[in-house]
Every structure is written in structure tokens, then in C-alpha cells.
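Novice: Here it is, the structure, as C-alpha cells.
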Amino acid sequence: MPRPSPIVLVLVGIASVQLGASIAKSLFDEVSPTTIVWLRLATSAVVLVAIARPRLQLRSRADLLAVLGYGASLGLMNWAIYQSFQRIPLGIAVTVEFIGPLTLAVLGSRRARDLAWVALAAVGVALLGAERADLDVLGVLFALLAGAAWASYILLAGSVGRRYDGLDGLALGSVVAVALLTPLLLTDDATDGLLDPRILLLGAAVGLLSSVVPYSCELVALRSIRPAVFGILMSLEPAAAALAGLLVIDERLSPVQWLAIACVIAASVGATRQRGTLADPVPD
């Protein structure tokens, strides 16, 4: 049986994440974003633990601290972006969030010309600010917080990947994220939705679409795709989010906002393309 193309797998993962986000946002009139993000992470934690069956025996203190930090960044990233989704359109939220990993990519480069990509991304953010009357400031701040957590997640993922085999680190990190978000779930009247079978089912669907499916696709794809190509494909996230918002929940953006998204995507592609374009795919 032929293997699916790694590029197709990455694109499927991107589409799945944003479809899950649009379904999640459609539920915000009924339950809080905290409820949905908790259900998403709880679903993925259950599935990943069942698959990986991670073990904690004989783990060093450094190993445990690494996975705790990883899980904390995972939980904060998801919680903050869902808070942002509640207040501003999906495409704009993901565009602002993408500033986090873009900044991380540029900071990791010693090339002065990479500053041009920072400038282009800044133009995109400035264009969003030009229509600030349409944007909730708190929503933008939550997206920036999610972006910072995303950058932290990327940094910690490397350490966790070296310390834990297979999906063990991701499974344990997901459990940590759920544990850290549980107090928030209990303090903002978010538990009401947990008594509704429909909300539980849709929350589980969001967990599968936004976590399990994309993580699985990316894991397989990264075995045979160059990191630079993967980074460029991931740059499509803001556009995918905007399209999902348009098609699923009828979120319409202005031409200026679409231009802003295009600037951030172009900056991310440029910054990623400068790094690791000669990297070899991981052997089977």
C-alpha cells in the first residue's frame, strides 16, 4: 500500500486544526472557551496515554521538570488562543499568534537580512492595527500570549523529544496541561457544559481534530520531509484559519486584514526558507 505524501499529511493536519478551532468557536455562546480547551486537551491526553503508555519510573528530576514546563506551555498556548478566538476572528488571532514562532526563527539566525522578515511581519501587524476599531484589544493580547507560549513550546519540545521516546513526552505533557487547567475550569462556572452530552461529544471531536489528528500527521510527515519545507507549510496556518472561519462560522475579513495575513505568511515563509533548506529528511 503506497504511503501518503508527507506534504499532504501536513496539509491535512493544518486543515484539521483549523476545522476544530472553528467548531470550538461555534460553541462559545453555550460554554466558555475554558471548557472547550479543557475537553480538547483531556481528549488528546486520554488518546495519547492509551497509545504511548508512558512510564515515569527512574526518571531524573531534569526529565520531570522538562515535561512539566512543556505541559505548562502547551496548556497556556491552547487556553490563551481560545480566549483570543472568543474575541477576534480566527484568521487574525492565528496571524498574531504566529508572531511567536516567527520571532523565534529569526532570533535563531545570525543573518542581518532576516530583519527584513521581521519588518514585513511588523507591517502585517500594523495593518491589523489600522482597523483596530474592529478588534478587541484583549483578544489581540491573548493571541500574543499564545504566540509567546508557542515559542516556549517549540523550545521545550526539543528537550522533551530527546528525553522521552515516541509519544511519551507529548502524552505526559498533555496530562500536565489538563491538570493545570482544571482549577480554571472549576472557578469560572465552566463545569455546566460538562453535564451536556452534546457538548462532551463536540468537545471530544475538537480534541481529535485539533490535537490527535494533526499531531499524528506531523509525526509521520516529519520522518520524510525537510524541516524547512515543513516550516513553510506551517506558515499557511493563518490563511487556513481565516478560510475555516469564513466557511464554517461566516467570519468575514476586510481586504486590509487579508493583506495583513499575507504579510505575516510571507515573512514566515522567508524566515523559514533561510534556515535549514539543505537539511536532509529523517531516514525511515
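Novice: Based on DSSP loop calls and a cut-off of at most 11 other Cβ atoms within 10 Å, the longest stretch of the chain free of exposed trypsin sites (Lys or Arg not before Pro) is what?
Specialist: It runs 111-251.
Novice: I'd like the FRET efficiency for residue 57 and residue 184, computed as 1/(1 + (r/R0)^6) with the beta carbon distance as r and R0 of 30 Å, rounded to 0.05. Present the calculation step by step, with values, prior to reporting the outcome.
Specialist: On the way: r = 31 Å, r/R0 = 1.02.
Efficiency, rounded to the nearest 0.05: 0.45.
Novice: Follow-up. Which of the peptides 199-208, 66-75 is most tightly packed, and how do the rest follow, judged by the mean count of other Cβ atoms within 10 Å per residue?
Specialist: Going from most to least packed, we get 66-75, 199-208.
Novice: What's the longest uninterrupted piece of the chain once you rule out the GluC sites (Glu not before Pro) that are loop residues per DSSP with at most 15 other Cβ within 10 Å?
Specialist: 132-284
Novice: Moving on to the next point. Return the carbon/sulfur percentage of the accessible area of the chain, one whole number, probe 1.4 Å, all protein chains in place.
Specialist: Using a 1.4 Å probe with all protein chains present, the chain comes out at 66 percent carbon and sulfur.
Novice: With charges only on Cβ, +1 for K and R and -1 for D and E, what is the dipole size of the chain about its Cα centre, in debye, rounded to 20? Kindly include the intermediate steps, with their values, before the conclusion.
Specialist: Details: 20 positive and 20 negative charges, 233 e Å.
Result for the chain is approximately 1120 debye, rounded to the nearest 20.
Novice: Multiply the residue gap between residue 136 and residue 254 by 0.36 nm, knock off their C-alpha separation, and tell me the result in nm, one decimal place.
Specialist: Difference between extended and current length: 40.9 nm.
Novice: Right, something else. Would you tally the net charge around residue 51, using a Cβ to Cβ cut-off of less than 13 Å, leaving residue 51 out, and scoring K and R as +1, D and E as -1?
Specialist: Around residue 51, the charge tally is -1.
Novice: Moving on to the next point. Could you state the accessible area per residue of the chain in Å², with a 1.4 Å probe and every protein chain left in place?
Specialist: For the chain, the solvent-accessible area averages 48 Å² per residue.
Novice: For the pair residue 201 and residue 266, what calculated FRET efficiency results from E = 1/(1 + (r/R0)^6), where r is the Cβ-Cβ distance and R0 = 45 Å, to the nearest 0.05?
Specialist: Taking R0 as 45 Å, the efficiency between residue 266 and residue 201 is 0.70.
Novice: Per residue of the range 7-18, in order, report the coupling 6.51 cos²θ - 1.76 cosθ + 1.60 (Karplus, θ = phi - 60°) as ³J(HN,Hα) in whole Hz, putting x for Gly and Pro.
Specialist: Once θ is set to phi - 60°, the couplings for the range 7-18 become 5, 4, 4, 5, 5, 4, x, 4, 4, 5, 4, 6 Hz.
Novice: Would you calculate, for the chain, the mean residue ellipticity at 222 nm contributed by helices, counting each DSSP H stretch of 4 or more residues as -39,500 (n - 2.57) and dividing by all residues, to the nearest 500? Please report the intermediate quantities before stating the final value.
Specialist: On the way: 13 runs with 208 residues, N = 284.
After summing the helix terms and dividing by the residues of the chain, the value is -24500 deg cm²/dmol.
The values are calculated or read from the model by the stated rules, or taken from the named source; none is laboratory data. Predicted model only: the values in this text are computed from it and were never measured. Ideal geometry is used to build each Cβ from the backbone, glycine not excepted, and the neighbour counts take in all protein chains shown. Areas reflect the complete protein model, heavy atoms only, side chains present, ligands, DNA and RNA absent. Shrake-Rupley method; radii C 1.70, N 1.55, O 1.52, S 1.80 Å.
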